[in-house]
Amino acid sequence: MKAPVRVAVTGAAGQISYSLLFRIASGDMLGKDQPVILQLLEITPALEALKGVVMELEDCAFPLVAGIVQTDDANVAFKDADYALLVGARPRGPGMERKDLLEANAAIFSAQGKAINDNASKGIKVLVVGNPANTNALIAQRNAPDIDPRQFTAMTRLDHNRAMAQLANKLGKTVNDVKKMTIWGNHSSTQYPDLHHCEVDGKVAVDQIEQDWYEADYIPTVQQRGAAIIKARGASSAASAANAAIDHMRSWALGTDEGDWVSMGIYSDGSYGIQEGLIYSFPCTCKDGDWSIVQGLENNEFSKAKMQATEQELAEERDAVSHLLP
Ligand code: NAX
């Protein structure tokens, strides 16, 4: 058996974590041979609820759980952490403008970025799930100057998985037949699910669908799926979000399949003309615990316009909090 690794999770008493923690603990994220120490962060009023979640984790008697820490102190939660899943965030309250939401979260993610910088393992892998995920990841990254910016990522894997399932349904296939899906940009309604490089049964996806359906139905359905879940369920995506977080971290830590790629919100190096330093979702392959952007994809004018629109939104989000960035 390997030595345990430390996995910090914030918002640990929330609804996503109620699925997520049990799957990390059962080995779905890092493998059935990788023991974990869970380091769970909550705000003080939620510590009692967190205690209940921890009691349930204990009652599962997971063989891979080598310890559980419960705390409202970020310095404790991120101490020597090898992985961090930042799920907790400030939800939009009544009358709150987008700018207020960005600022409220900037305060949280600045503090957590600093705590990661000061306490975590220098090789930590950080995934931000809490919204606005890309900009929260940017804020945390900017507050952690001693950590490689490549180690801060944002989750667009749920969008990626949604895009695969919608396409498979349309073509009467399963997700196993769908490869090389790409979500470009922000985890928001400007995201661009790109079917030009995607393959179904080894053939280019856009050649198997009508452009009308792609533009008027598919793209909006993927972009608005979160809102559709809320309407149907009366609560936001939780188990599917947790599943996507597991997928994201597993791909990053253990690698992507040969001949396929995944979508990850990552630190832009200027690839495809996207402003350097934005946390933007790109097609990525992962190997040896590191990601690389898939290079050399030819994008037509339709794609370029959509990629730029979502880039523009991310630049505006960054600019709205720039006075709070170091
Ligand atoms: P919940 O409100 O159920 O849980 C959030 C938890 O975070 C709460 O228990 C709260 O006490 C805690 N929290 C708040 N501030 C904290 C802080 N400073 N430190 C530690 N904990 C803190 O929300 P849930 O449904 O679990 O969703 C969590 C976040 O994921 C939300 O921001 C949500 O918008 C976002 N999502 C992101 C998705 C993505 O694809 N990137 C999809 C699903 C989800 O909507």
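Excluding residue 210 itself, calculate the net charge of residues whose Cβ lies under 14 Å from the Cβ of residue 210, where each Lys or Arg counts +1 and each Asp or Glu counts -1. Summing Lys and Arg as +1 and Asp and Glu as -1 gives -3. Annotation: average projected area of the range 273-326 is 4.9 square nanometres, based on the convex hull of Cα atoms across all directions.
To the nearest 20 debye, what is the magnitude of the charge dipole of the chain about its Cα centre, counting +1 on the Cβ of each Lys and Arg and -1 on the Cβ of each Asp and Glu? That gives a dipole near 480 debye.
All other residues whose Cβ lies under 12 angstrom from that of residue 310 are scored, Lys and Arg at +1 and Asp and Glu at -1, for a net of -4. Average 1/r across all pairs of distinct alpha carbons in the chain, invert it, and you get the Kirkwood radius: 20.0 Å. Sorted into 5 angstrom bins from 0, the C-alpha pair distances of the range 79-224 split as 2, 10, 17, 16, 13, 12, 12, 10, 6, 2, 0 percent. Length gained on full extension, residue 61 to residue 171, computed as 0.36 nm times the residue gap minus the Cα-Cα distance: 35.4 nm. In the range 191-254, Cα pairs under 8 Å separated by at least six residues give a relative contact order of 19 percent.
Scanning the chain for DSSP H helices at least 30 Å long along the axis (C-alpha atoms) with a Kyte-Doolittle mean no lower than 0.5 picks out nothing.
Remark: spin-label model distance residue 97-residue 258 equals 5.5 nm, labels positioned 7 Å along the Cα→Cβ axis.
Each value in this text was obtained by applying a stated rule to the coordinates, not by laboratory testing. On a predicted model such as this, the values are computed, not experimentally measured, just so you know. In this analysis, Cβ positions are derived from the backbone assuming ideal geometry, glycine residues included, and neighbour counts consider all displayed protein chains.
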